[in-house]
Structures are given as C-alpha cells and as structure tokens.
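Okay, so here's the structure we're looking at.
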Amino acid sequence: MFMQTHDDMAVVTTKEALQRYLSLKEDEIAFHENWNCSLPLKIPTYFLSLINPEDPDDPLRRQVVPTRYEQIPESKGTIDPLEEVRYSVTERLIHRYKNRVAFLTTDICPMYCRHCFRRRFTGTFQGPASEEQVNEAATYVANHKEILEILFTGGDVLTLSDTRLESMIQAFRSKRPDLVIRICSRIPASYPMRITDSLITMLKQFSSAPFYLMCQFNHPRELTQQAIVAVDRFVEAGIPAMNQTVLLRGVNDDADVLVELCNRLVSHRIKPYYLFQGDLVEGTAHFRVPIQKGLLLEEQLRQRLSGLAMPVYAIDLPAGGGKVPLGRSYLLGKDEQGAWMFQNAEGVIRTYPDPISEEQSDQEHLE
Ligand SMILES: *Cc1c(COP(=O)(O)O)cnc(C)c1O
Ligand code: SF4
C-alpha cells in the first residue's frame, strides 16, 4: 500500500537507517539517546514498507519502532513474569504444563517487536541452540512420555537455516516420532520471503506426526499478499495454521480492527487461536490494555464473530501462574429450584436443569 522500492532481504538496525524511511518523533529519537534497552532495533524493509510514513501513530510502526516508553522503570513489571527460568528443565526447555513443553530454539528474530514478552532472552545474541542443548532437550522429552507437544519458539525458529531446523526436528522425532511440533513464528508477518518451497519440502519429510504453524498477526494490514502466500505454503502441505494475537494499545485495541483481523485470518485458512492480554514484562507497560477494556472487546467479538473466527482471550498469570482464559461469564449461578441460570448475549435469561439420576427418575415415575 505504501510501497517504496525496497530490497527484499534488507533489514534496518540503526537509527540513521531508520530515518531514511521515517521521520522520527521525539519519543522515538529519545530512545536512542538513553540506550539501556536489551532488545535491539531490527526491522526488515519489507515490514517498513507496510508502514504509512505520514501517520505518526501507525499501528505497524508502533510495534517495531522503539520509543523512550520502553525505558521507563516499572514497579510491577519484571523481566520474567512467567518464571520461565524456574520452569526450565534443561538450558532451553520450559516444562510448565504437564503434557507440553516450549523449546527456545534461538533468541534471534528477523524483526524485534517492541511488545516482546520474552525480552529476558530475545535478541541477547546467544544464537541457535547448540547440538548439545538440542540433544539434552530431546532426551528429556524422550524420557517424559506424558509430553505430547513441543513448541519450537524463541526468538523466531524460522530464522534457523533449513539444515539446522532439519537436524533439530530429527533430534526430537528420532526419539519421539509421535511428538506434535508447533512452529511458533512471526516470520509470515515479519519476513514472509523466508517461507520457501525448500523449507516446506524439508518439513514434509517428517510425516510421523503433525506440525502446526502458530503465527502472530496483530493487525489486518500485516496480512499482505506475500504473507498469505507464505502461510498458504504450509497449509497446502497439510500443516494447519493458527494465529496468536497480542492485544496492544494503539495497535489493535479496537473491536473493528480485531473483527477485520479475525475474519481475514479465517478467510485465509488461519484459525484465530489466542488473543493475549499483555504480560507484565518490563518495558511494555505502554502497550498494555486494561483488563476491563479487554473484557469488553471480548464480549463484542463474541457477538460479531463466528465461533471459528473467535480467539480465546487469555492471560498468562504473573509469578508463573500459567494461562487462564478471560471472558464474561454467561452462567449466572443456580435458581431456587437448583437449575442453572444463564444470561445470553442479548441479555435474556434462560435456565437449564441438571439431569436427574435414574433412581430419582424411577421414583418420580412411581409417584
Ligand atoms: C503457552 C505455553 C504453552 C502452550 O500452551 P497452550 O495453551 O497449549 O497453547 C506451553 N508451554 C509454555 C511454557 C507456554 O507458555
Ligand atoms: S517475533 Fe516473537 S520473539 Fe521475536 S521479538 Fe517478536 S514477539 Fe518477540
């Protein structure tokens, strides 16, 4: 839409380079004067070309151009609110839920999102997991048969070369052919040209269990033709695509924007899976939406979207409390007769009695 000519492969990593694309605002310049932020600046020119340079509050710009608000110390924010370090069972494997694990494949991303919740790790120049770290994690998963799914996350797993990714998959699947692998990547939105036929051909060799693609599209304008083609390649190869949106102030905290995003995702065979409340990560306070507003949005979405298009609004609780769904309750409680009372989306009350046991039913029949 705002296409300037750009080199597909180019990435902007300095203030000076960024200023060739955008005229920076005061808050954006101030970030560079007081560098105390661990998350580097990195924006592919592809993504920059989607930003409207005329709009200082462009929702795509807000996600990638750093501001001084990231540097404001916050008493309630922490660097690891999900306590992923505490739940780590090997150097890069997080075992928080009994039947699934998250593996930090690399800390690198093609684009650093300013709202990133894994700032303790993302962009810290540690690089891809070593062979030893991969084998250690694979052995753990092999010894814990209760683990059914692994999330390949990071950073962005699709920054790995095809060869490295192939050997990583091989390491896990050779020990656990049944292991479901979730490829968690923002690359379809940030750098879709990475999704090549050879990547897909490589993945297709591993047919003993499914892959799922977990994308992160936060705004409908990220769903470009290139992004759609990238996701299509997975779906055509039998890899279902899901989307996890982060609810972000000034980006998508608006019912119309979310409705458009979710409907367009569905029309391109991407299932809206989660809508995440922002985690209490230091440096991201300016992105957080009050829960009251989030609940209101959830209620509006529930009315305007099909069940298929509706994501689950969820919060990952601080102090490692885990994910819980958020939403208004349609269940009010029980009435005097002991029947469940509901209030539907239009505000109408209906009751639903529980089934009575067979003995009770016989008795009623005899009376
Ligand atoms: C979110 C998360 C998962 C996956 O949870 P789902 O609700 O199944 O999507 C697994 N492990 C960790 C550490 C997570 O944060
Ligand atoms: S792509 Fe994911 S891991 Fe990377 S910066 Fe964005 S949110 Fe963080």
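In the set (1) over 16 Å from the mean Cα position of the chain (by Cα); (2) within 11 Å of ligand 2 (Cβ to nearest atom), Pro110 fails one condition alone, (1). Does region 237-252 hold any residues that are closer than 21 Å to Ser198 by Cβ and crowded, with 19+ Cβ neighbours inside 10 Å, and which are they? Once the filter is applied, which keeps residues that are closer than 21 Å to Ser198 by Cβ and crowded, with 19+ Cβ neighbours inside 10 Å, region 237-252 yields only Ala241. Cβ separations smaller than 9 Å between residues 6+ apart or across chains give the following pairs from region 142-155 residues that are farther than 18 Å from Gln216 by Cα to residues that are more than 16 Å from ligand 2 (Cβ to nearest atom) and among the aromatic types (Phe, Trp, Tyr): Ala142/Phe172; Ile147/Tyr140; Glu149/Tyr212. Would region 2-13 turn up any residue that is modelled with pLDDT of 95 or more and either of a type in the set (Phe, Trp, Tyr) or part of a loop (DSSP other than H, G, I, E, B) (or both)? Yes, because at least one residue in region 2-13 is modelled with pLDDT of 95 or more and either of a type in the set (Phe, Trp, Tyr) or part of a loop (DSSP other than H, G, I, E, B) (or both). Can you tell me which residue in region 253-274 is nearest to ligand 1 (Cβ to nearest atom), limited to those that are open to solvent by 50 Å² or more (accessible area, probe 1.4 Å) and closer than 20 Å to Pro325 by Cβ? The selected residue is Tyr273. Of everything in region 55-77 that's of a type in the set (Val, Ile, Thr) and open to solvent by less than 70 Å² (accessible area, probe 1.4 Å), which residue is nearest to Val246 (Cα to Cα)? Ranking the candidates gives Val64 first. Listed conditions (1) under 20 Å from the mean Cα position of the chain (by Cα); (2) more than 13 Å from ligand 1 (Cβ to nearest atom) are all met by Ala142, apart from (1). Scanning region 147-160 turns up no residue that is more than 21 Å from the chain's Cα centre (by Cα) and open to solvent by 40 Å² or more (accessible area, probe 1.4 Å). For region 105-144, the set of residues classified as farther than 23 Å from Tyr69 by Cβ and small (Gly, Ala, Ser) consists of Gly127, Ala129, Ser130, Ala137, Ala138, Ala142, listed by residue number. Of the strands (runs of 3 or more DSSP E) that lie entirely inside region 299-364, those containing 3 or more residues that are open to solvent by 40 Å² or more (accessible area, probe 1.4 Å) span 322-325, 331-334, 340-343, 349-352.
Any residue at all in region 134-152 that is within 15 Å of ligand 2 (Cβ to nearest atom), in a strand (DSSP E or B), in contact with a Ser or Thr (Cβ under 7 Å, 6 or more places away or on another chain) and of a type outside the set (Lys, Arg)? Scanning region 134-152, I find at least one residue that is within 15 Å of ligand 2 (Cβ to nearest atom), in a strand (DSSP E or B), in contact with a Ser or Thr (Cβ under 7 Å, 6 or more places away or on another chain) and of a type outside the set (Lys, Arg), so the answer is yes. Among the conditions (1) surrounded by 16 or more Cβ atoms within 10 Å (Cβ to Cβ); (2) modelled with pLDDT of 95 or more; (3) not in a loop (DSSP other than H, G, I, E, B), the only one that His32 does not satisfy is (2). When region 316-367 is filtered for residues that are of a type in the set (A, V, I, L, M, F, W, C) and touching a residue at least 40 places away in the same chain (Cβ under 8 Å), the ones remaining, listed by number, are Ala319, Leu326, Ala345. Please verify whether Thr124 is of a type in the set (Ser, Thr, Tyr) and either closer than 18 Å to Cys215 by Cα or touching a strand residue (DSSP E or B) at 6+ places or on another chain (Cβ under 6 Å) (or both), treating the condition exactly as stated. No; evaluated as a whole, the condition is false for this residue.
Every residue, every condition in (1) at pLDDT 95 or above; (2) closer than 23 Å to Glu33 by Cα; (3) of a type in the set (A, V, I, L, M), yes or no:
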site	(1), (2), (3)
Pro56	yes, yes, no
Val64	yes, yes, yes
Glu70	no, yes, no
Asp80	no, no, no
Tyr112	yes, yes, no
Glu149	yes, no, no
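Picking from residues in region 279-338 that are of a type in the set (D, E, K, R) and in contact with a strand residue (DSSP E or B) (Cβ under 7 Å, 6 or more places away or on another chain), the one that is farthest from ligand 2 (Cβ to nearest atom) is Asp335. Among the residues of region 78-99, the ones that are open to solvent by less than 20 Å² (accessible area, probe 1.4 Å) and within 25 Å of Asp162 (Cα to Cα) come to 4 in all. In this structure, Glu26 does satisfy being among the acidic types (Asp, Glu) and more than 13 Å from ligand 2 (Cβ to nearest atom). Taking the conditions (1) modelled with pLDDT under 95; (2) open to solvent by less than 50 Å² (accessible area, probe 1.4 Å); (3) within 19 Å of the chain's Cα centre (by Cα) in turn, Ala102 satisfies each one other than (1).
The values are calculated or read from the model by the stated rules, or taken from the named source; none is laboratory data. A quick note: this is a predicted structure, and the numbers were derived from the prediction, not measured. Every residue, glycine as well, gets a Cβ built from its backbone with ideal geometry; the counts of neighbours run over all protein chains shown. The protein model used for the area step is the full one, side chains on, heavy atoms only, and it has no ligands, DNA or RNA in it. Shrake-Rupley method; radii C 1.70, N 1.55, O 1.52, S 1.80 Å.
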